[in-house]
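Chemist: Sending over a structure as structure tokens; questions will come in a sec.
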């Protein structure tokens, strides 16, 4: 008989699951990291002794999971660079924090229009099993493009709620590591936070899940490195997997 998939025991302890989008559902983290690199490197090249932006280490530690403005500010601070804040209306460039954020968005938007939207098969399998179990799911992202990404990937129907960067701006929700985005997603699913799981690959997102008091915080480490897994645990992950598909068990149907 065919083997049936079911949620792992850890998911049986919750009533809903909130997924981060980039890096967990869609394979778009690399596009975000590449856009950040192109936005940051001209600024870094103008300062003697500054090394280029690392699309793996710098991305994961400083910008992944954060809003564009917060990510730009956090990375610049990590390099000791004190740029003017500027304003959200700044044109794309390198003169202010907001200008760098605008340049990143410009670059990512270009890639979004030309590149296919890839998804992580293990996450899709998990979503399908959870839908069969009638466990409500939500998607969360600091990015304004998350809803478009999910729609183009054909996955928007897997989620009862999506809280993206547009919704965060409309509701004036603070960004990760504040848990507000996840709390709003749980509210829309009508499930108490302690009965909701968070699945995240970003350090800031894992920290947000822990700060919010969510019943289960799963860190996703796609780098395969022990350091990354340890950092996810240090920021509050209850367990770390290399892919959300590991949250499924196989039994005989």
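Chemist: Between 0 and 90 degrees, rounded to the nearest ten: what's the tilt of helix 180-189 against the longest Cα principal axis of the chain?
Modeler: Helix 180-189 and the main axis of the chain meet at about 30 degrees.
Chemist: Round to the nearest 10 and give me the degree value, 0 to 90, for the angle of helix 68-78's Cα axis relative to the longest principal axis of the chain.
Modeler: Approximately 70 degrees, to the nearest 10.
Chemist: Name the residue, out of 127, 203, 239, whose mean-square fluctuation peaks in a Gaussian network model built on the chain with Cα pairs under 10 Å.
Modeler: Per the Cα network of the chain with a 10 Å cutoff, 239 tops the list.
Chemist: Compute log10 of I(q)/I(0) for region 1-108 with the Debye formula, placing one identical point scatterer on every Cα and leaving out solvent, at q = 0.11, 0.17 Å⁻¹, to two decimals.
Modeler: Results for region 1-108 at q = 0.11, 0.17 Å⁻¹ read -0.43, -0.76.
Chemist: Another one. Given a Förster radius of 35 Å and the C-beta distance between residue 148 and residue 246 as r, what FRET efficiency does 1/(1 + (r/R0)^6) yield to the nearest 0.05?
Modeler: Once rounded, the FRET efficiency stands at 0.80.
Chemist: A follow-up question, please. Based on alpha-carbon atoms only, what is the radius of gyration of region 143-218 relative to the globular estimate 2.2 N^0.38 Å?
Modeler: Against the compact-globule rule of thumb, the ratio is 1.06.
Chemist: Roughly what % of Cα-Cα distances in region 54-149 sit above 21 Å, to the whole percent?
Modeler: For region 54-149, the fraction of Cα-Cα distances above 21 Å is 46 percent.
Chemist: Mind checking the angle between helix 97-114 and the chain's longest principal axis? C-alpha axes, 0 to 90 degrees, to the nearest 10.
Modeler: 50
Chemist: Under a plain spin-label model, where a point goes 7 Å from the Cα along Cα-to-Cβ, how far apart in nm are residue 82 and residue 133?
Modeler: Here the answer is 5.1 nm between the modelled labels.
Chemist: Give the relative contact order (percent, whole number) for the chain; include only Cα pairs under 8 Å separated by 6+ residues. Intermediate values should be presented prior to the final figure.
Modeler: Values: 485 pairs, mean separation 67.5, N = 253.
Normalised by residue count, the contact order of the chain is 27 percent.
Chemist: What whole number of Å gives the distance from the Cα centroid of region 1-69 to the Cα centroid of region 135-208?
Modeler: When both Cα centres are located, 14 Å separates them.
Chemist: Determine, from the Cβ-Cβ distance of residue 95 and residue 56 and an R0 of 30 Å, the FRET efficiency 1/(1 + (r/R0)^6), rounded to the nearest 0.05.
Modeler: 0.65
Chemist: Taking every pair of distinct Cα atoms and averaging 1/r, then inverting, what Kirkwood hydrodynamic radius in Å comes out for the chain? Show your work: numbers first, answer last.
Modeler: On the way: mean 1/r = 0.0542 Å⁻¹.
The answer is 18.5 Å.
Chemist: Contour minus end-to-end for residue 12 and residue 111, with contour as 0.36 nm per residue of separation and end-to-end as the Cα-Cα distance?
Modeler: Values: separation 99, 0.36 × 99 = 35.64 nm, distance 3.82 nm.
Additional length available on full extension: 31.8 nm.
The numbers here are math on the coordinates, done by the rules we state, and not lab data. Since this is a predicted model, take the numbers as computed values, not measurements. Because the Cβ atoms are built from the backbone with ideal geometry, glycine has one as well, and the counts that use them run over all protein chains shown.
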